[in-house]
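> Before I ask anything, let me first share the structure, which is written out below as structure tokens.
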Amino acid sequence: MCGDLRATDAGNNVVLMGWVNRRRDHGHLIFLDLRDRSGITQIVLDKEKSPEAHAKAEAARSEYVVAVRGLVRRREAGLENPNMATGEIEIVAEELLLLNEAKTPPFSPAEEAIANEEVRLKYRYLDLRRVEMQKNFALRSRVAMAIRNYLVGEGFLEIETPFMTRSTPEGARDYLVPSRVHGGQFYALPQSPQIFKQILMISGFDKYFQIARCFRDEDLRADRQPEFTQIDLETTFPQQELIFGFVEGFLKAAFKEAGIDLKPPFVQMTYDDAIKNYGIDKPDMRLPAMVSLTEELTADLREALKIEQALPVLGFVIPSVGELSGTARKSLLSEIRGGFGDCGLDLLDVARLKTNPAFAPLAETIEAKLAASAEDLLTVVTPKLGTPAMWNYDPQWIYKRVGALRLQLAQKFADKHKLFEKTGTERDFKFLWVTDFPMYEWDEEHKVWNAAHHPFTSPHEEDIKAGRLTNDKGAVRALAYDIVLNGTELGSGSIRIHRQDVQAEIFRSLGMSDAEAKDRFGFFLDALEYGTPPHGGIALGLDRIVMILAGATSLREVIAFPKTAKAIDLMVDAPTPVSETQLRELHIRTVLKN
Ligand code: ASP
């Protein structure tokens, strides 16, 4: 291949085929850089030695497909190219075939990515020729294979589940497929293989996995695709640690493909601790945690400083920001205060406290507790006296708001603390398991409780026994867990409900009548009654993992044929209207909403 030849091959006769990456015409000498997915080799065409080949090379242009036969020759001293793997050699062409021409491409695959992504997506076949994209997909293939090999080695079976199925409850809108045979009826594309993988456990397969495509019709945010790929697995008789072990194992195998040696087991933290210490359910562990100063702010001090009694006071440091000038400090404080608006939070100006003998000891205690050095940016947030009712004196609200500020300031000073910079080692990847998520989420708009994960997630036994499913939904913990990397959620899973009565009760507690539950999930409730083993599993986004390993900034860099933010495939131009005949066959008439 075009990337294979080295100095030790000098003297060999070879045949290479590929695309003309660049052509340089020096009159009697023409150089062609020949490219395939493995790399690039320089071809020399000498008018005197092989006039026929030289004449053809005159006609060759960028992206022509050519075959060349010739001799591998060491480049002359000083003409080697240390930036190319094949840079020590070149091929002296004896014969050249132009296998195909190419129109002048709208952008050159020999260049770095052009800024206009729409053009890249429209001419995706050219875009994918770029070295960087070829690398991304080679990596993706190796990562998927490493994961398969690991899981198969652990006794997992890869089993496919259907694309044309019934609605699955992952909380997004379904993509529907109309049935021609059953007029007016629709299949749904799976939002995940959730129910099928649970049924495979009921069927006794013990360990299932699938690198599964999932379909969710959501309003697309920057980093979402309507169809995406999950590493989906399920196993029988697990404690959650068993599942953590499998995931850590396959992640280790996957990261090894990118030359990174992960060192599991990963840290574990409950959801409550994540909120208390980081103000978010997916903590970025590259940054220092928040620190509670609730105790240090005694009743007297609070009174003097006009701070609400009892509510949390939180501090955090952003390391190595360096000393800010007086004006910079002032404008930062007013920027933060502006961001708080009238939400009831304020900043404690620790630097100013220091200058007041009455508060200097407090300032010192705070600095000590946060282990803040002079270089660190220290921020302390307090609930103001007479806080508005909007957050209902809820400490959770404060944790989350301060957590958000922590992330915002960390972004702002990223080039100072450099904690987000890559070193190319496992230290760049701070993994974390977050456990014991709440079972329910309150939907303020519709005034209903929703399943925070999905309705097949098992609540904690204690919470069921204590009657909290009916009395105190907000306090019910689920046996649900997320795996988090550097502040993004890579996947979630849970131990499932395996008893029909509990499942029925959960549906009821979600406001689903027995009739509705039977209608939507009757087959599954039936299946639960035929000897269902305890089981659990998880799913992780493969696209995101590959994106991180490739160092890419968008999922579209690691999905061969992605859709735009408006869910359009620009290359094939989908979606499109279809013919009247097709619609009629499907018993469909379209009426556009305006
Ligand atoms: N089906 C879930 C999801 O797609 C994952 C799981 O619970 O295993 O998020």
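The values are calculated or read from the model by the stated rules, or taken from the named source; none is laboratory data. As the structure is a prediction and not an experimental result, all values here were calculated from the model. Neighbour counts run over all protein chains shown; Cβ positions are idealised from the backbone, glycine included. These accessible areas exclude ligands, DNA and RNA; they are computed on the full protein's heavy atoms, side chains included. Shrake-Rupley method; radii C 1.70, N 1.55, O 1.52, S 1.80 Å.
> Condition first: more than 16 Å from the ligand (Cβ to nearest atom) and touching a helix residue (DSSP H, G or I) at 6+ places or on another chain (Cβ under 6 Å). Now tell me which residues in segment 134-153 satisfy that.
Across segment 134-153, the qualifying residues are Asn136, Leu139, Arg140, Val143, Ala146, Tyr150.
> Given the conditions (1) touching a Lys or Arg at 6+ places or on another chain (Cβ under 8 Å); (2) buried (at least 16 other Cβ atoms within 10 Å of the Cβ); (3) part of a helix (DSSP H, G or I); (4) among the hydrophobic types (A, V, I, L, M, F, W, C), report the number of the one that Cys343 does not fulfil.
Going through (1) touching a Lys or Arg at 6+ places or on another chain (Cβ under 8 Å); (2) buried (at least 16 other Cβ atoms within 10 Å of the Cβ); (3) part of a helix (DSSP H, G or I); (4) among the hydrophobic types (A, V, I, L, M, F, W, C) one by one, Cys343 breaks only (3).
> Please determine, by comparing only the residues of segment 477-527 that are assigned to a loop (DSSP other than H, G, I, E, B) and either under 30 Å from Phe420 (Cα atoms) or touching a strand residue (DSSP E or B) at 6+ places or on another chain (Cβ under 9 Å) (or both), which one is least open to solvent (accessible area, probe 1.4 Å).
Ile497
> Out of segment 184-210, which residues are within 15 Å of the ligand (Cβ to nearest atom), more than 27 Å from Gly531 (Cα to Cα) and open to solvent by 10 Å² or more (accessible area, probe 1.4 Å)?
Leu189
> Among the residues of segment 475-494 satisfying the criterion of being of a type in the set (Ser, Thr, Tyr), closer than 17 Å to Phe431 by Cβ and over 10 Å from the mean Cα position of the chain (by Cα), which is farthest from the ligand (Cβ to nearest atom)?
Tyr481
> What number of residues within segment 467-476 satisfy the criterion of being in a loop (DSSP other than H, G, I, E, B) and either touching a residue at least 40 places away in the same chain (Cβ under 8 Å) or buried (at least 22 other Cβ atoms within 10 Å of the Cβ) (or both)?
Within segment 467-476, residues that are in a loop (DSSP other than H, G, I, E, B) and either touching a residue at least 40 places away in the same chain (Cβ under 8 Å) or buried (at least 22 other Cβ atoms within 10 Å of the Cβ) (or both) number 1.
> Do we find a residue being away from the ligand (no atom under 15 Å from the Cβ), out of contact with any helix residue (DSSP H, G or I) (no Cβ under 8 Å at 6 or more places or on another chain) and modelled with pLDDT of 95 or more anywhere in segment 222-240?
Within segment 222-240, one or more residues are away from the ligand (no atom under 15 Å from the Cβ), out of contact with any helix residue (DSSP H, G or I) (no Cβ under 8 Å at 6 or more places or on another chain) and modelled with pLDDT of 95 or more.
> Let me ask another. Select from segment 557-594 the residues that are out of contact with any helix residue (DSSP H, G or I) (no Cβ under 8 Å at 6 or more places or on another chain), open to solvent by 60 Å² or more (accessible area, probe 1.4 Å), part of a loop (DSSP other than H, G, I, E, B) and charged (D, E, K, R) and list them in ascending order.
Matches in segment 557-594: Lys566, Asp573, Lys593.
> Which pairs turn up if I take residues in segment 183-194 that are over 19 Å from Asp232 (Cα atoms) and among the hydroxyl-bearing types (Ser, Thr, Tyr) and look for partners that are within 7 Å of the ligand (Cβ to nearest atom) and at pLDDT below 95 with beta carbon separation below 8 Å, at least 6 apart in sequence or on another chain?
Taking only residues 6 or more apart or on different chains, not a single pair turns up.
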